[in-house]
Amino acid sequence: MQKLFLFIVLLFNLVLASAQDMSAQQYIDAYKDIAISEMVRSGVPASITIAQGLLETENGNSDLVKKSNNHFGIKCKSSWDGERVYHDDDASGECFRKYNTAEESYKDHSDFLKGRSHYAFLFKLDPTNYKGWAYGLKKAGYATNPRYPQMLIKSIEDFNLNQYSLAALTKMDSGQLSAQEKANVDSSAALSNTKSINGVKAVFALKGTSLLAIAIKNNISLASLLEYNGLKNDGMLDQDGWILLEDKKNKLLVDRFFPNRHAKNNTHIHEVKPKEGLYSISKKYSVSVKDLKEWNNLQSDDLQVGQKLIISK
C-alpha cells in the first residue's frame, strides 16, 4: 500500500512538472512580438531570432533562461559589465550574461550580432533568406554544434516562423510602426543597414530623414538616389519607407514599396499558401511561370509559405 502511495505521488509530481513546461508554440506566442520589433529596430530576421530562442532555451524551459533571462546563450565576454550567472556549457561553470527581462535579452542579442564585424555579411542578405542566415551564423562561429543551421531551419519551417519576418517587413513597408518602434530605430545604423529585396538593394528610413544623408551614407550621388526612387526634389522624407539604392531593375518592385509615388501598373501581391507552387499560381493568374520568376527575380522554382510574389495582370 505504501509503495502504491509513493508511486502515485511520484506520478503526480511528474505530471505536474510536465504541465509546467512551456511548449514550442507557447514560447513563440510569448516572444514573437519582441522578435518582430527587434527586426524593425536592428534588421535581425524575426524568424532567426525566434528559432535561436527556441533552441537555446529548450522552448523556454532551460535552467539558464530560468535563472538569467538569457534566451540566446550569450556568454559574458570581456566587454560585459552587467550581472552574470555561471552555468555548465562547453566547460564547467562558464560565465553567462544575466538580464532583468526577456526584452533586454532580445535587444542584447540583436546588438551582439550588429556590433561584431564577422556577422556584418549577414545583414546584406534578404531578411527572408533564413537558410542563408542559419548557415551564416554557423560560419561566423555563433555555435559549435555542427547541425546548428539545420536545427534552426527545421524550427522555422515546422512552425512557419518566416511569417514573422514578413510581418516585420509589412510593418515597415506600410509605415505602421508604433511610437516605441520608431523611437527604437537607430537612425544612423538604419541608413547603412541595407537589404537585398528581390535583388534590389534598399534601406528603410523614417519620415524626416534627409535624402542627402542617405546618399552620403551609402556612397551614391543625390541625383542618382532621386532617380532610383522616382523623386523630383531632395529634402526630407515625407513618410516612412524603403529607399532604393540601385537602378530600377524591377518596376513592379518599385510600385510595391512606393505605391503613392508611381502608377500601380495593375499589379497584385500574392502570398504563397501551403502546397502552392509556381505552376498552380501561374494558372490562377493566367500568367507564365517564366514571367513569375522574372517579376520576382527567382533563381529556382522553390517557394516558401508566406512568401510574397508580385503579379502583373
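Which FRET efficiency, nearest 0.05, do residue 144 and residue 301 yield, Cβ-Cβ r, R0 25 Å? So, using R0 = 25 Å, E works out to roughly 0.10.
Per-residue Cβ neighbour counts within 10 Å put 57, 194, 101 in the sequence 101, 194, 57, beginning with the fewest. Considering all different alpha carbon pairs of segment 20-165, the Kirkwood hydrodynamic radius works out to 15.2 Å.
Using a cut-off of 11 Å between beta-carbons, work out the net charge of the residues near residue 64 (Lys and Arg +1, Asp and Glu -1, residue 64 not included). Walk me through the numbers before you get to the answer.
On the way: positive: 66, 67, 75, 97, 98; negative: 56, 58, 63, 88, 89, 94.
Surrounding charge for residue 64 is -1.
Residues of segment 52-80 with backbone nitrogen within less than 16 Å of a virtual label 7 Å along the Cα-to-Cβ line of residue 160, please, listed as ranges. No residues fall inside that zone. Between residue 61 and residue 196, the FRET efficiency estimated from the beta carbon spacing at R0 = 45 angstrom works out to 0.80. Cross-link pairs exceeding 25 Å in C-alpha to C-alpha distance, out of 139/293; 139/217; 32/290; 32/98; 107/131, comprise 139/293; 139/217; 32/290. Summary of packing: across the peptides 103-111, 76-84, the per-residue average of other C-beta atoms within 10 Å ranks them, highest first, as 103-111, 76-84.
Every read-out reported here was derived from the displayed coordinates using simple, explicitly stated rules and does not represent laboratory data. Everything numeric in this text was worked out from a predicted model, so none of it was measured. Neighbour counts are summed over all protein chains in view; Cβ atoms, including those assigned to glycine, are modelled from backbone coordinates with ideal geometry.
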